[in-house]
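These notes are about the structure you will find just below.
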Amino acid sequence: MHKHAAVLRHRELTQELYNIGDEVAEYIEHLIEAIEDWDQELTLDCLSELAEIVEDARVDSGRIVGELIGLRHALVSGVRAGSISASVSGDFELEPPRAITARTLELRFPLEGPQAISEVAHVLRSRTECVQAYLREMVDYVLEQTNAVARNLDMISLPHLYKRAGTGVRDAASAWVQTVAASHPAYARTLRGGNPPAFLEERARVNAIVEKVAAKRAAARKATGTA
């Protein structure tokens, strides 16, 4: 591969790594929005979507990192000449957010014996906020570690990172479902719909545009008599 083409390919692949991290983080944010709306069904749907995104991220990041390593070896002279960036000093592997499970929530925010409705509500909100805080930390963790690997390919394994993040997010969201939404469905239903997820509105907007374009194309084909 010509040196200039190799440098361009290197930049393109590096941007793809950033995009992968952004997508994983985006779907974790969808999950946060579902929980903020106390929507158990949507939370479970978001978990299913995230599992697919994480699996794709693991496969794609492994492939991209492998190609980037090959390009960087081929461009060693380019590193010395400043054509591509060498590893940035100061990159290091961060500790992931501390795991949240159903047991964690029950120990930290116990519901034992008869309690006033206000006390139960306070505990359920505290559990919910704890899970949301964890998921926000995971978003930051995924973005920071993806960006660090884009600068220093030898730092950590991105496929491993995404697998670990996906497992942690799944456990935390499942803990919320188990200890809040499913265990106190009446309370969750009273709050559902009060904070509609923004990503659903964006999906509806995009779907409306797609349907509009499809309708125009169908009308045009009908007018010209094409199939």
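Results, tabulated for the structure shown:
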{"item": "Gain on full stretching of the segment that runs from Asp45 to Ala99 - 0.36 nm per residue minus C-alpha separation", "result": "17.3 nm"}
{"item": "Rounded to 10°, Cα long-axis angle of helix 3-36 versus longest principal axis of the chain", "result": "0 degrees"}
{"item": "For segment 3-194, convex hull volume per residue from C-alpha positions, Å³", "result": "110 Å³"}
{"item": "Angle between the chain longest axis and helix 117-151 axis [Cα atoms, degrees, rounded to 10]", "result": "10 degrees"}
{"item": "For Tyr18, Tyr141, Tyr187, Tyr162, order by how many other beta-carbon atoms lie within 10 Å, fewest first", "result": "Tyr18, Tyr187, Tyr141, Tyr162"}
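Rule-based calculations on the coordinates, nothing more; no lab input. Every value quoted in this text rests on a predicted model; they were computed, and no experiment measured them. Neighbour counts are summed over all protein chains in view; Cβ atoms, including those assigned to glycine, are modelled from backbone coordinates with ideal geometry.
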